[in-house]
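Note sheet for the following structure.
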Amino acid sequence: MASSLDFSAGVLLILQLVVAVVAAYTGYRAVVIRKALYGKLYRNHALGVAFASAALIWLAFANLAPAGSNTSSVTLANILGPVSLALVFIGLFYTVDSTAMVGRFSDPLLRDTFHWSRTRKVLWAINISCVVLTILTPIFFLLFTFFLPIVSGLLLFPALARRTGDLASRRHLAWFSAFYALVFVSTFLFLPLSTSTSGILVTALPLVAAAYCLSRSTRWLAPVNRLQSIRPGAL
Amino acid sequence: MASSGIPALDILLADGYPDKSAILIIGPPGIGKEALGYWFTGSGLIQGDFCLYVTRLSVKEVLQDEKGFGVDSQQKVPMWFASEGGQIRCDVNDLAGLSYNIKEVLKQNAGRRIRIVIDAISSLLMLNQPETIYRYLTQLFADVKGYDAVLLATLEEGMHKPEVVAAMQQLFDGVVELRLYEEGLRVLPLLRIRKMRGVPPQPGYFNFAFTRTGMELTSHGK
């Protein structure tokens, strides 16, 4: 029994590390691209992708820990508490918001999908209020804070992807939609399955896939060319 | 020659963009292509040229973006063809109307030096067959070059198929590329003059950075 638990815990740790490495590289890549851009909206969007990477690492380590164990992950989750989780989802909502703003510009007709320029103000107000209220009554508002960015992302990204005329942006949005869907699945599964280590392993798998989707979406964040092709000898 | 409004770029272009020319600025979204249009227009307004800015955005959005690049054109403003807030409404679905309005403006300012910035080519390409836009631009350039005018247009990299981008580059007299390049773990924004009428081919790439006073250029690799 103990060795079975050790094995599961080992597999879980490997999965967590895979998610962390992929998400950390993706976040780094987003920050580097942000540094090279000058348009405010696009810089914000790249920052949003970096936030999504950070959120993914947080979910992998703070949310997933072997059941009944007293690992550093559990301690981390306990220390950081619901407020930090709420902040993670604020980060995810920032990502949704910045993506929506950029998505509008890639639509040749500049359509304001779901009247986002107005809707965002209301949603931001709700989001901030929820974070504040989470400190007082964690469970209810925490759930709301979670569903708001994820659901708005899941509704918005496919609509933006359909409307954009930009081939790169469409691919970025498609992978980003998959990322949000997998985070949703993982966190949704976490609620009933978190009582057993094997259940947590099942929860971790969508996060691994989410990390892959996030890295693929960042590939289409901006077209980056290879420097070798511009060396004088190659011209 | 028409000054680009950026001293460092003027040096690179041997005094600015050629007279009676159509220039294409190509690069990914957010790299600062539009800023070249802002400085070009700003320089023209200071010199007393007639300036026309054609955009699918609203005037308010363009002015906000301009401020982000340190360009403040509140004192002297160009004529706007914009989706909102301009003298004439820019409808990217109405190619004929757009062409007619540009021609009318050219006629009305026939005796003056004219600068035109078009920040809607990518939208036009997305909404129409590329061949339609090639023909449309060929005709537009012929009309513009009948006057003392320089036209500068922006095109989004990554939004269109490579063959479309290559064909667009052929149509223009000059092409300035602003692109992101990977160097190790870094991503660098680099500028290259891909072609420019009257200027010998330049193989060099330049690091660029936007400052409050324009653009700083340094040769890449030095």
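The values are calculated or read from the model by the stated rules, or taken from the named source; none is laboratory data. Treat the numbers as computed from the prediction; the structure is a model and nothing was measured. Note that each Cβ is placed from the backbone with ideal geometry, even for glycine, and that neighbours are counted across all protein chains shown. Keep in mind that these areas ignore ligands, DNA and RNA; they rest on the heavy atoms of the full protein, side chains included. Shrake-Rupley method; radii C 1.70, N 1.55, O 1.52, S 1.80 Å.
Inside the range B:44-69, can you point out the residues that are in contact with a helix residue (DSSP H, G or I) (Cβ under 9 Å, 6 or more places away or on another chain) and under 17 Å from B:T213 (Cβ atoms)? I'd like the intermediate steps shown before the answer.
Quick first cut of the range B:44-69, residues in contact with a helix residue (DSSP H, G or I) (Cβ under 9 Å, 6 or more places away or on another chain) only: B:49-57, B:62, B:64-66, B:68-69.
B:E66, B:G68, B:F69, listed by residue number.
Pairs under 6 Å by beta carbon, first residue open to solvent by 10 Å² or more (accessible area, probe 1.4 Å) in the range B:13-25, partner at pLDDT 95 or above and of a type outside the set (S, T, N, Q), six or more apart or different chains?
none
Output the residues belonging to the range B:31-57 that are open to solvent by 10 Å² or more (accessible area, probe 1.4 Å), outside any helix (DSSP H, G or I) and farther than 12 Å from B:V77 by Cα. Don't jump to the end; show me each part of the working.
We begin by selecting, within the range B:31-57, every residue open to solvent by 10 Å² or more (accessible area, probe 1.4 Å); these are B:34, B:39, B:42-43, B:45-50, B:56-57.
Next, only the ones that are outside any helix (DSSP H, G or I) stay: B:48-50, B:56-57.
B:R56, B:L57, listed by residue number.
Could you please find all residues in the range B:1-38 being of a type in the set (V, I, T) and touching a helix residue (DSSP H, G or I) at 6+ places or on another chain (Cβ under 6 Å)?
B:I6, B:I25 - these are the residues of the range B:1-38 that are of a type in the set (V, I, T) and touching a helix residue (DSSP H, G or I) at 6+ places or on another chain (Cβ under 6 Å).
Determine whether the range B:62-71 contains at least one residue that is in contact with a Pro (Cβ under 8 Å, 6 or more places away or on another chain) and in contact (Cβ under 8 Å) with a residue 24 or more places away in the chain.
So far as the range B:62-71 goes, no, none of its residues is in contact with a Pro (Cβ under 8 Å, 6 or more places away or on another chain) and in contact (Cβ under 8 Å) with a residue 24 or more places away in the chain.
Could you check how many residues of the range B:1-26 are within 14 Å of chain A (Cβ to nearest Cβ) and modelled with pLDDT under 95?
Summing the residues that are within 14 Å of chain A (Cβ to nearest Cβ) and modelled with pLDDT under 95 in the range B:1-26 gives 1.
Pairs please, first residue from the range B:113-132 and away from chain A (no Cβ under 14 Å) and farther than 18 Å from A:D166 by Cα, second anywhere and among the acidic types (D, E) and open to solvent by 10 Å² or more (accessible area, probe 1.4 Å), Cβ atoms under 7 Å, 6+ apart in sequence or on different chains.
B:R113/B:D49; B:R113/B:D148; B:I114/B:D49; B:I114/B:D148; B:R115/B:D49
Go through the range B:159-176 and give me each residue that's at the interface with another protein chain (Cβ under 10 Å from one of its Cβ atoms) and in contact with a Leu (Cβ under 7 Å, 6 or more places away or on another chain).
Passing the criteria: B:M159, B:H160.
Given A:L109, A:L156, A:L133, which one is within 30 Å of B:I121 (Cβ to Cβ) and either at pLDDT below 90 or more than 20 Å from the chain's Cα centre (by Cα) (or both)?
A:L109
Find the residue count for the range B:171-186, including only residues that are open to solvent by 10 Å² or more (accessible area, probe 1.4 Å) and either modelled with pLDDT under 95 or within 13 Å of B:E156 (Cα to Cα) (or both). Full working, then the answer.
From the range B:171-186, those open to solvent by 10 Å² or more (accessible area, probe 1.4 Å) are B:171, B:173, B:179, B:182-186; that's our starting set.
Still in the list and also either modelled with pLDDT under 95 or within 13 Å of B:E156 (Cα to Cα) (or both): B:179, B:182-186.
So the answer is 6.
Tell me yes or no: at least one residue of the range A:38-47 is at pLDDT 95 or above, part of a helix (DSSP H, G or I), under 30 Å from A:A9 (Cα atoms) and open to solvent by less than 30 Å² (accessible area, probe 1.4 Å).
No, the range A:38-47 contains no residue that is at pLDDT 95 or above, part of a helix (DSSP H, G or I), under 30 Å from A:A9 (Cα atoms) and open to solvent by less than 30 Å² (accessible area, probe 1.4 Å).
Just to verify a result, which residue in the range B:177-208, among those that are of a type in the set (G, A, S) and in contact (Cβ under 8 Å) with a residue 12 or more places away in the chain, is farthest from the other protein chains (Cβ to nearest Cβ)?
B:G198
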